[in-house]
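Enquirer: Structure in structure tokens, see below.
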Amino acid sequence: MSSQMTDSLAQQVLNLLKKLGKQFNRKVAEIVFILVNHKSAGSLGALAGFAIAIIFSWKFLRSTGRPQRSQPKPTGSASTSSTRANEDVSSYEARRLEQNVKGVDFIDEFHSPTKLTLGQTVRKKLDGSRKMSCQLLGVILEERSPEELKEHATVMPSVVEVLLEISKHCDIYLMDRILDDESEERVLSALENAGLFKTGALMKDKVLFCSTDNGRSSFVRQLEPDWHVDTNPDIISQLSRFIRYQLYISPIRLSIERSNVFCSGSFDSFFAE
């Protein structure tokens, strides 16, 4: 359709130019006749003005009558990719603007780092370790003293998944101080009810009990684990020379500074972060 319109316009311009040429020849003949018979300054001025008008008219007609060169159209794949890219950018900017208006922190999925799974985080923290010893009170159990175990024993729900994930890579020994045999039974029953013995990775034979904190420290020295987790700063300090890594569980940061001692408010938050 555009090609036909261009051809029609060119034909009209050509016809106009032919008519203009005939008129030009006739006017030139008349002016020459006038000049021959009347050699005056007015006649010369009229001739010059007419010639200038003809030149400008000719240039104008050439510029308007010249067909415009059409721009090449982009290929289908390139055009589609460009359109999709523009749509993605527009959608991205619109969502960012909308959340900023609502006062919500915008999460940039195009630039945010990939979040690690629990298994990946645990393996990264373990750093190839194969054996772990861990205190029960205040770490795995909600109770924080042997006296409380005489009444009840409760496993923290948040540690179960993390503990099972660690057990896939490490032998885990759970230990703590108790005051009577009934407390031992309560602790084992609580661990079993939490499902920690179902997979076979955690075993009752690896749950150790003693009557003093020094007994727990002695257990750790004999086992020689790669990791030990405890709430007692004295035990952490005593074992720091012998254990590869230690985790001190406390809301207050440990005063001693050692490269192999880590501090955290909870067992699960350290290994799940």
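Enquirer: Is it the case, given these coordinates, that V139 is β-branched (V, I, T), under 16 Å from T231 (Cβ atoms) and not in a loop (DSSP other than H, G, I, E, B)? So that I can check it myself, show each step before the final result.
Expert: On the way: β-branched (V, I, T): yes; under 16 Å from T231 (Cβ atoms): yes; not in a loop (DSSP other than H, G, I, E, B): no.
Answer is no for this residue.
For (1) under 40 Å from the mean Cα position of the chain (by Cα); (2) closer than 18 Å to V139 by Cβ; (3) assigned to a loop (DSSP other than H, G, I, E, B); (4) of a type in the set (K, R), each residue gets a yes or a no:
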| position | (1), (2), (3), (4) |
| --- | --- |
| N214 | no, no, no, no |
| V220 | no, yes, no, no |
| V229 | yes, yes, no, no |
| I235 | no, yes, no, no |
| I243 | yes, yes, yes, no |
| Y248 | yes, yes, no, no |
| P251 | yes, yes, yes, no |
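Enquirer: Which one of these is within 24 Å of N232 (Cα to Cα), among the polar types (S, T, N, Q), assigned by TED's automatic domain parsing to the domain that holds S145 and modelled with pLDDT of 95 or more: S189, S183?
Expert: Working: S189 fails: within 24 Å of N232 (Cα to Cα).
One residue alone meets the criteria, S183.
Enquirer: Right, here's the next one. Step by step: first the residues of segment 190-200, then only those that are loosely packed, with under 12 Cβ neighbours inside 10 Å and not β-branched (V, I, T), then the one that is farthest from I166 (Cα to Cα). Which residue is that?
Expert: Here the answer is K198.
Enquirer: Those residues that are touching a Lys or Arg at 6+ places or on another chain (Cβ under 8 Å) and among the aliphatic types (A, V, I, L, M), I need them from segment 164-190; list them, please.
Expert: Listed by number, the residues that qualify are I172, L174, M175, L179, L188.
Enquirer: If I252 meets every condition in (1) closer than 18 Å to R123 by Cβ; (2) surrounded by fewer than 18 Cβ atoms within 10 Å (Cβ to Cβ) apart from one, which number is that one?
Expert: (1)
The values are calculated or read from the model by the stated rules, or taken from the named source; none is laboratory data. Owing to the predicted nature of the structure, the values given are computational and were not obtained by experimental measurement. Note that each Cβ is placed from the backbone with ideal geometry, even for glycine, and that neighbours are counted across all protein chains shown.
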